[in-house]
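Presented below is the structure to which this report refers.
Please treat every number below as a calculation from the coordinates, not as lab data. The structure displayed is predicted, hence computed values, not measured ones. As a convention, Cβ positions derive from the backbone with ideal geometry for all residues, glycine included, and neighbour counts pool all protein chains shown.
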Amino acid sequence: MVHPKPICTSTNVSHIRLKKLVPTFYHLLVSVKERDMLVQIARYKNVTEVEAILSAWYDQYNMSANCRYIRFALAASLELWSSNALLNKGRGEDCQVVEALKETDKNVKLKTLDFILRDLNNNNDVIRVEEKPSSKGVKADIRKDDLLKKNSLYLWSKQVNSNILMGQLESISCQWQGTKFSIYGSRLVSPDKIITYKKGELNMPILERHTSDHGRLLMAVISLKRVAKHNYAKFILILEEKFKREVETLNFDNAGLNETSFLSDSTDSTGSDSECGNYQDENDEEFVETVMTKIKELKFDKANLKQFEVWEHLLLFVSEKRCKAKQFKHLKQRFPLH
């Protein structure tokens, strides 16, 4: 049982951080081919084996984007392992780059670099990543990102204007602390309450003999990309249906025009702290039900994705696959192909 503890309460919005890991919030979604590649990675224990599988993969054509990503990530990781770069925990790659810039330009402020996936059409963030080479500054990053997720949810709520539909949306962020990778999510569970929780925690192995950790990390990253895109696709679907309805009824929703709005990456919380709970559900319940139905029908970006929530499902899948392979081999022996 998770007991929420308030960590930040403003005038109108209480922000709750769940202290324990909530695994049900995170879903692993990979194709059969992606899973097979990651299983191969997890089995290898030395550089020779990794180089051999990379050579075989680079001979293959017509790979999907995620399969090419797995191949590239393994090749890049092999370079890091071979150079022992990850054994030096006191330095971060991005920090080194900025330090080099500062040596030639004294006006460049030393700071780590962020990754932001943003929709340029409306300046909404899909996912954000903060990075620190060590534990120093991580707590400040997390506090800042809690505020950014809060601002994102606030802006989305002003556009969506429905408690029910907002319950379908999640603001996602990530934090690198050296080789540790943490995934966080936030949801607006009511007009005056936001919950933040840890979706998962993984590690980038510093040596090649821990390739099972590497396969696990890559599976999480690929799944995270799909989950983030699917989450944002739901937001876009809601807006499209809402705008379509406004055009049909000749009635624009101007709820957010009476106050100053801030971008989702703004750390100025003045806008997000004011009257965050003042939006109301759509009066048309039929409209909300229609959108909810379309959200449930919204598919992920790739068909034939596999999701194993319990270990038994995976065993059954592997067993069935092996049985089919044996049956095919038996048929070939009985009826040779010439």
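Descriptive notes on the structure:
- Protection-proxy order for peptides 289-297, 203-211, each taking the mean of Cβ atoms within 10 Å per residue, highest first: 203-211, 289-297
- In sequence order, calculated HN-Hα J values of region 70-86 (Karplus, 6.51, -1.76, 1.60; Hz; x Gly/Pro): 4, 4, 5, 4, 5, 5, 5, 5, 4, 5, 5, 5, 5, 8, 6, 5, 7
- Structure note, pairs LYS33/LYS180; LYS158/LYS198; LYS149/LYS199; LYS139/LYS193; LYS199/LYS229: Cα-Cα distances above 20 angstrom occur for LYS33/LYS180; LYS158/LYS198; LYS139/LYS193.
- Translational diffusion coefficient (Stokes-Einstein; Kirkwood radius from C-alpha pairs) of region 124-218 at 20 °C, 1.002 mPa s, in µm²/s: 147
- For SER31, residues with placed amide H under 5 Å, excluding near neighbours: LYS306
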